[in-house]
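The values are calculated or read from the model by the stated rules, or taken from the named source; none is laboratory data. Quantities reported herein were computed from a predicted structural model and do not represent experimental measurements. All Cβ positions, glycine included, derive from the backbone under ideal geometry; neighbour counts span all protein chains shown. Note: accessible area is taken over every heavy atom of the protein model, side chains too, but ligands, DNA and RNA are not part of it. Shrake-Rupley method; radii C 1.70, N 1.55, O 1.52, S 1.80 Å.
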Amino acid sequence: MYYLFFLYFAFSSLFVLALYRLFFHPLCGYPGPTLAALTDWYQAYYNIVKGGGLIVKYDQLHKLHGPVIRVGPNTLHFNDRQAYHDIYTYRSTLVKHSGLYDALGVHAPNSSIIFSDPEVAKQRRVISLEYTIQQKIDKLLDVLTNNYNSSSKTVSMAVAYRALTTDVITSYCFAESANVLDSPGLSHPILQGVKETIKKFWLQIHFPFFMTFALNAPQKLILWFLPEFEGYLMMKAGFERQINSLIKNPDTLLTDQEPLSKASLMDEAFILVAAGSDTVGNTCYVGTFYALKYPSIRQKLKEELEEAWVDKDRPMSYTALEKLPYLTAFIKEALRVSLGSCIPFLTVVAMSVKFLHTNPDVFPDPYTFNPDWWLAQDTSELLLDLAPFSKGPRICLAWCELYLIFGNILRRLDLKLHITEDTIGDFRADKCADYWVPLWEKEYQVFAQNL
């Protein structure tokens with residue numbers, strides 16, 4: 001009897017909830033799939049079962065329903081330039097959706113990325129370190145020319161660039177590099193584990209309790225169930241060792257603010273390494289491909305760099321490189337096409353940067369790589385549709401990295417594209433899966449020689 005009553009009560013509650021969400025909810029007037037209005041499992045299906053396919057589905061829905069669609073019981077997604085700037089403005093008083101960011105930060109619950117209140121988040125800042133970046137770039141160039149210098153000895157630039165950016169950001173954060181570039185074949189466990197860990201992103205969002213359990217389980221048990229977490233555990237041990245050293249010697253901390261707790265420092269480390277390695281690595285990966293694919297673009301870059309950088313054996317500074325107009329245009333176009341970090345979709349109001357970067361009203365042929373767009377006399381309209389690092393109250397190390405990496409690679413190396421049937425043909429948004437960061441369906445290989 002009680003069992004039947006419980007079933008009756010459960011089904012009645014679900015029926016009433018469904019009626020409310022479909023006909024009486026404040027968002028019931030917005031267009032979108034009926035199933036999406038009923039449950040957030042609609043997004044989970046495309047994120048998990050369809051392997052990061054939600055962004056493609058959003059594109060289809062916007063074409064069908066217009067610039068504002070309802071994609072969850074309490075979620076709207078926009079495809080409108082002004083909406084993006086309203087939502088992600090630098091001085092926004094909007095509070096982050098805790099459900100998304102708490103799940104996102106399950107690896108790092110004390111990191112500033114999950115701070116919902118903008119007044120708390122703005123207290124954390126970073127600075128740039130050009131010398132360290134140049135050192136790591138020099139190491140990458142040595143690795144490429146010594147180990148990958150013929151069509152029979154090629155390397156994936158996705159791996160090479162992520163090795164570089166991981167070494168940069170770990171040196172930057174802890175004065176102790178992960179030395180991924182020194183690993184044989186660039187096969188460091190951190191890199192090996194990153195892709196598989198990223199693929200579990202949507203599981204982490206929709207089932208955060210699973211990741212919480214996994215991260216609190218004994219290390220041997222974690223590696224038995226999830227061997228790809230070896231790189232994560234190695235990073236954790238390294239960060240803990242370095243942070244313990246800093247805590248024991250507080251005079252080495254260059255700050256006049258209240259010292260952060262060990263937990264906060266650990267969590268900031270994870271977030272900085274993840275964010276600092278992937279966005280820059282992906283942009284360099286995409287930009288280098290187009291420089292190699294289109295000889296006219298490569299020639300313009302070559303001529304500009306040779307004229308400004310006469311002695312390639314002497315480093316050229318970031319401030320000098322950023323004054324080069326065509327290199328700047330090339331970097332901005334690489335940032336646009338590479339999509340940057342994908343903007344979260346589970347906030348109450350959200351917009352993916354993909355729709356901003358492929359706005360046909362601003363970029364008439366949005367899937368064509370064309371640096372010349374950024375050479376116009378007035379690029380203010382274009383810049384409104386460029387947000388590769390999202391928006392927020394922070395100074396980004398990425399610009400310095402991008403200028404130095406592209407400048408050195410294009411001035412000091414002669415890279416050759418090794419074309420096979422598995423070589424990617426174009427970096428279109430519909431050719432990648434969205435796992436917060438883009439995972440492209442194919443890649444490309446290169447070999448290098450000194451100029």
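Counted residue by residue at 0.36 nm each, then reduced by the alpha carbon distance between them, the extension gain from LEU19 to GLU240 reaches 74.5 nm.
The listed peptides 53-63, 25-35, ordered by packing as a protection proxy, come out as 53-63, 25-35 (highest mean of other Cβ atoms within 10 Å first).
Measuring only protein heavy atoms, the 1.4 Å probe finds ARG298 accessible over about 40 Å².
Between LEU35 and SER156, the contour length at 0.36 nm per residue exceeds the Cα-Cα span by 39.5 nm. Of the listed residues LEU64, LEU410, the order by accessible area with a 1.4 Å probe, largest first, is LEU64, LEU410. Here ASP365 and LYS312 are evaluated by their C-beta separation; at R0 = 35 Å the FRET efficiency comes out at 0.55.
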